[in-house]
Amino acid sequence: MRVCVIGTGYVGLVTGVCLSHIGHDVICVDNNEEKVKLMQSGQSPIYEPGLSELMKSSAESARLHFTSDLAKGVDHGEILFIAVGTPPLPTGESDTRYVEAVARGIGANLNGSDYKVIVNKSTVPIGSGDWVRMIVLDGLKERQKASGNDADANFDVVSNPEFLREGSAVYDTFNPDRIVLGSNSEQAIAMMKELYQPLVSRKFAKDKSLDPVPVVVTDLSSAEMIKYAANSFLATKISFINEVANICDRVGADVTQVAKGIGLDSRIGSKFLQAGIGWGGSCFPKDVSALIHTADDYGYSAELMKAAVSVNIRQRSIALEKLQQELKILKGKTIGLLGLTFKPDTDDMRDAPALGLIEELNRLGARVKAYDPIVSQSGLSHGLSGVIIETNAEMLADGCDALVLVTDWKEFEKLDYSKMAKLMTNTVMIDGRNFLDRKALEAIGFRYLGIGH
Ligand SMILES: NC(=O)c1ccc[n+]([C@@H]2O[C@H](COP(=O)([O-])OP(=O)(O)OC[C@H]3O[C@@H](n4cnc5c(N)ncnc54)[C@H](O)[C@@H]3O)[C@@H](O)[C@H]2O)c1
């Protein structure tokens, strides 16, 4: 099928590349010329395991193209994905101006002859499906007025929320737990089912013997709500275990054992039960806030979600509390951060817990250094200030009064902690993800503090 994906960030680029890999003819559109040039030269502007390799093979098959020309993309696609960002506004609502610009642009470029399906893949407030339809029609009318070309348009809007996780986005796209399609148009749903058939049948899955991927077909608003409810549930689950961890810390229990003990209950499940320094990233904070805001708009106070957010705000200062507990005065001390990104296997720094920690440590007069496998390697500062980026873990350890493990990158399991300890002024390790081997570190001489552990 002919597909156009507008917005080539973590969602759009992965979607476009994977759809071309399964046999569709894809044009990806982005209004960032620099990004487009990079992608045209075969390079990925983001770090996502497996993406560069897939981009290369899709480009060779000539089924994947990049452009900044929206008209070209709209003309090409029978299915048009909107995958631009919906960042949070200071009020907590989603900023939908990028979706609006794209919807208007699509309307202005519809030529009337072919039926098109416009798909909201961006996470958008409930009710956005109808709103997008209205904006597309506005764009169409503006074009009709300006050009005298009164050709009408034939399209439907579908909500198709995305559930991929950064760090395993390619894997998740080929191995989805479910596909959600919201629309009242049978024609649009039929086209979406055809598009996803190779994924539904698990042709590209790791385990091809599994049952077909469940497809949830529903109305627009329910599809939009599914995305917000899923992220709010996961964020609440993490806040729950963090709250349990804080109680464990006080009563002398071990949250890793508690999580194991409750996670084995099939009604609960073991995922998202790792205590740590709080959730962050580009999705959870903004999606939970947006749902709280939507509820407020309807006069309903979403108490459970508000509590999940406030537990998280408190949790994000827990590493700092533990540093103060151990070192007392932070002024003049050097703190080394192991990891910066909000989770491993991504280069995304949006709303990463490390950012708040760096800011607070600076405010209290500490010197902050960091080593992150991707941030250090890319040489990009990601707009970071108040932190010295080191190029390896030993340089990080040199002269530090404490290390804080912020991100559970796999390579941190295998660092030479004996050598690092010898380079440190004080051997304190705050393990913000309960990730390291406590006994091994204590044997080397580290004073080890986990979270509820
Ligand atoms: N990142 C995730 O893990 C994830 C997961 C599920 C859902 N989502 C949702 O998907 C959406 C996209 O998220 P993302 O992380 O990929 O965003 P992103 O910020 O990484 O990428 C957005 C892209 O859109 C481009 N863009 C902006 N305006 C444009 C325009 N007018 N025309 C063409 N391109 C334009 C930007 O240049 C950028 O490349 C958001 O709504 C997000 O909530 C994200």
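Each reported figure results from applying straightforward, stated rules to the coordinates on display, with no laboratory input. What you see is a predicted model, and the numbers here were worked out from it, not measured in a lab. With ideal geometry, Cβ positions are generated from the backbone for all residues, glycine too; neighbour counts draw on all protein chains shown.
So here's what we get for this one:
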quantity: Charge-dipole axis of the chain as Lys and Arg at +1 and Asp and Glu at -1 on Cβ define it, positive-most pick from Gly278, Val26, Val170; calculated: Gly278
quantity: Local net charge near Ser222, Cβ-Cβ under 14 Å (Lys/Arg +1, Asp/Glu -1); calculated: -1
quantity: Gain in span if fully extended, Lys56 to Asp152, counting 0.36 nm per residue against the direct Cα distance; calculated: 30.7 nm
quantity: Ranking of Ile292, Ile179 by count of other Cβ atoms within 10 Å, fewest first; calculated: Ile179, Ile292
quantity: Viscosity 1.567 mPa s, 4 °C: Kirkwood-radius Stokes-Einstein D of the stretch 109-217 over Cα pairs, µm²/s; calculated: 82
quantity: Modelled FRET efficiency - R0 51 Å, Val216 with Arg97, Cβ distances, 0.05 increments; calculated: 0.95
quantity: Separation of alpha-carbon centers, the stretch 405-437 and the stretch 317-355, rounded to whole Å; calculated: 13
quantity: Over the stretch 2-218, relative contact order from alpha-carbon pairs under 8 Å, at least 6 apart, %; calculated: 18
quantity: Separation in nanometres of the label points that stand 7 Å from Cα toward Cβ, at Gln377 and Ser270; calculated: 2.8
quantity: Between helix 284-297 and the chain: long-axis angle, C-alpha atoms, 0 to 90°, nearest 10; calculated: 60
quantity: Beta bridges per DSSP with both ends in the chain, % antiparallel, nearest 5; calculated: 5
quantity: Helix axis angle, 353-363 relative to the chain longest principal axis, alpha carbon, degrees; calculated: 50
quantity: Potential extension, Lys141-Ala307 segment - 0.36 nm per residue separation minus Cα distance; calculated: 55.2 nm
quantity: Viscosity 0.890 mPa s, 25 °C: Kirkwood-radius Stokes-Einstein D of the stretch 228-315 over Cα pairs, µm²/s; calculated: 181
quantity: 25 °C / 0.890 mPa s Stokes-Einstein diffusion coefficient of the chain, Kirkwood radius on C-alpha pairs, µm²/s; calculated: 104
quantity: Cα-based Rg / Dmax (Å) for the stretch 2-218; calculated: 16.7, 55
quantity: Residue-averaged 222 nm ellipticity for the chain, from DSSP H runs of 4+ at -39500 (n - 2.57), nearest 500; calculated: -14000 deg cm²/dmol
quantity: Scattering curve values for the stretch 1-115, log₁₀ I(q)/I(0), Debye with Cα scatterers, q = 0.18, 0.22 Å⁻¹; calculated: -0.87, -1.20
quantity: Table column - 3J(HN,Hα) (Hz), the stretch 229-235, Karplus curve with 6.51, -1.76, 1.60, x for Gly and Pro; calculated: 5, 4, 5, 5, 5, 5, 5
quantity: Sequence of Glu326, Glu390 once ranked by neighbouring C-beta atoms within 10 Å, starting from the fewest; calculated: Glu326, Glu390
quantity: Gained length - Ala253 relative to Glu394, 0.36 nm times residue gap less alpha-carbon distance; calculated: 47.5 nm
quantity: 19 Å reach of a label modelled at Ser385, 7 Å along Cα-to-Cβ, counting backbone N of the stretch 328-354; calculated: 349-354
quantity: Taking the convex hull of Cα positions in the stretch 318-449, its mean projected area over all directions (nm²); calculated: 6.8
quantity: Filtered trypsin sites (Lys or Arg not before Pro), the stretch 255-336: DSSP coil and at most 12 other beta carbons within 10 Å; calculated: Arg267, Lys271, Lys328, Lys331
quantity: Amide H contacts of Gly452 (H built 1.01 Å from N, under 5 Å, at least 5 apart or other chain); calculated: Asp249
quantity: Two-site label geometry, Lys439 and Glu186: point separation in nm, points 7 Å out along Cα→Cβ; calculated: 6.5
quantity: Label-point separation in nm, Lys260 to Asp177, each point 7 Å along Cα→Cβ; calculated: 2.4
